[in-house]
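Remarks on the structure that follows.
Please treat every number below as a calculation from the coordinates, not as lab data. Remember, it's a predicted structure, so these values are computed and weren't measured experimentally. Note: ideal-geometry Cβ built from the backbone for every residue, glycine included; neighbour counts use all protein chains shown.
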Amino acid sequence: MSRKAQPLERVSLNLTPKSAQALDRAVELTEDSKTDTINRAIQTYAFLMEVIDEGGSIRVQRKEGDVETVHFL
């Protein structure tokens, strides 16, 4: 079964300086375009919010550090 390409939706985006720096860092780390990076970030955010909405929690551990719970405002 082939999938039809969905039309793209163009949006205008105003970033705070901190968000612009974070985007630049993410692009540097992934070597993806800004568009691809923003698309992945939105999909990831939606997934994380679904987990939290269902009563779950998000935890991270940096190498051998303590496990921390991530909170979204």
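Does T30 satisfy the criteria of being over 15 Å from the mean Cα position of the chain (by Cα) and among the hydroxyl-bearing types (S, T, Y)?
no
In region 13-44, what residues are assigned to a helix (DSSP H, G or I), surrounded by 11 or more Cβ atoms within 10 Å (Cβ to Cβ) and acidic (D, E)? If you could, list the steps in order and put the result at the bottom.
Let us first name the residues in region 13-44 that are assigned to a helix (DSSP H, G or I), namely 17-30, 34-44.
With the extra rule that they be surrounded by 11 or more Cβ atoms within 10 Å (Cβ to Cβ), the set shrinks to 19-27, 30, 34, 36-41.
Result: D24, D36.
Conditions: (1) among the charged types (D, E, K, R); (2) within 14 Å of the chain's Cα centre (by Cα); (3) exposed (fewer than 10 other Cβ atoms within 10 Å of the Cβ). E50 meets all but one. Number of the miss?
Only one criterion is unmet by E50, namely (3).
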